[in-house]
Amino acid sequence: MSDGLICNNFIAGEPDCGIELWYADRIRVFSNTIWRPERNWNQGIRIGASTTQTEIAGNLVHGGIDSAGGDAQLHDNLTGHLDGYFVDPASGKLVLTSLGAMPALSRGTAAFPARGRSCRAVTAADGMGAFAIGFRLLPPPP
């Protein structure tokens, strides 16, 4: 695959990876929100063999970004244990809580354009991850 765009997705669970790239060229992975369970936790995004000239930016990942032999430019991603950031990630409800909103939405990121595809343009003011305009922040779970 070449010249692809993966953007604005909410991905929860999945047995192996959130987003997986193998033998891919010039792919852009922008503004996705991914929740990984403890199994294969580090594989929120996996960059597989023969992946080249790929850019991964502005993603919010409870988990990690794993290189499995591929090459990608990574910038402005928020990864790690993001416990309490989402309403009910186990059931796929990746709405941000007030705890998750501050780091995800107020974090300054570099701007990257939609470049004529069906992905929204992103600026530093947009924050990170997939989102819907006008969402309501919910309190963190007890």
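The values are calculated or read from the model by the stated rules, or taken from the named source; none is laboratory data. The structure displayed is predicted, hence computed values, not measured ones. Backbone-built Cβ (ideal geometry, glycine too); neighbour counts: all protein chains shown.
Inside segment 77-105, can you point out the residues that are part of a loop (DSSP other than H, G, I, E, B) and either within 28 Å of residue 24 (Cα to Cα) or not hydroxyl-bearing (Ser, Thr, Tyr) (or both)?
Applying the first criterion (part of a loop (DSSP other than H, G, I, E, B)) to segment 77-105 yields 77, 81-85, 92.
Within segment 77-105, 77, 81, 82, 83, 84, 92 qualify.
Mind counting the residues in segment 73-87 that are among the charged types (D, E, K, R) and either closer than 12 Å to residue 13 by Cβ or free of Cβ contacts under 8 Å to residues at least 40 places away in the same chain (or both)? Working first, answer last.
From segment 73-87, those among the charged types (D, E, K, R) are 76, 83; that's our starting set.
From what's left, either closer than 12 Å to residue 13 by Cβ or free of Cβ contacts under 8 Å to residues at least 40 places away in the same chain (or both): 83.
Looking only at that region, the number is 1.
Of all residues in segment 65-76, which are more than 10 Å from the chain's Cα centre (by Cα), surrounded by 17 or more Cβ atoms within 10 Å (Cβ to Cβ) and assigned to a strand (DSSP E or B)?
Correct list: 66, 72.
So which of 79, 51 ends up being over 15 Å from residue 129 (Cα atoms) and buried (at least 18 other Cβ atoms within 10 Å of the Cβ)? It would help to see each step written out before you state the result.
Working: 79 fails: over 15 Å from residue 129 (Cα atoms).
That would be 51, the only listed residue that is over 15 Å from residue 129 (Cα atoms) and buried (at least 18 other Cβ atoms within 10 Å of the Cβ).
Please give the number of the condition residue 35 fails out of (1) without any contact (Cβ under 8 Å) to a residue 60 or more places away in the chain; (2) out of contact with any Pro (no Cβ under 7 Å at 6 or more places or on another chain); (3) among the hydrophobic types (A, V, I, L, M, F, W, C); (4) crowded, with 21+ Cβ neighbours inside 10 Å.
Single failed check for residue 35: (2).
Among the residues of segment 23-64, write down those that are touching a Ser or Thr at 6+ places or on another chain (Cβ under 9 Å), part of a strand (DSSP E or B) and over 19 Å from residue 86 (Cα atoms).
Residues satisfying the conditions are 25, 28, 29, 46, 47, 48, 57.
Go over the candidates 79, 109 one by one and state the one that is within 14 Å of the chain's Cα centre (by Cα) and at pLDDT below 65.
Numbers: 79 fails: at pLDDT below 65.
After applying the criteria, what remains is 109.
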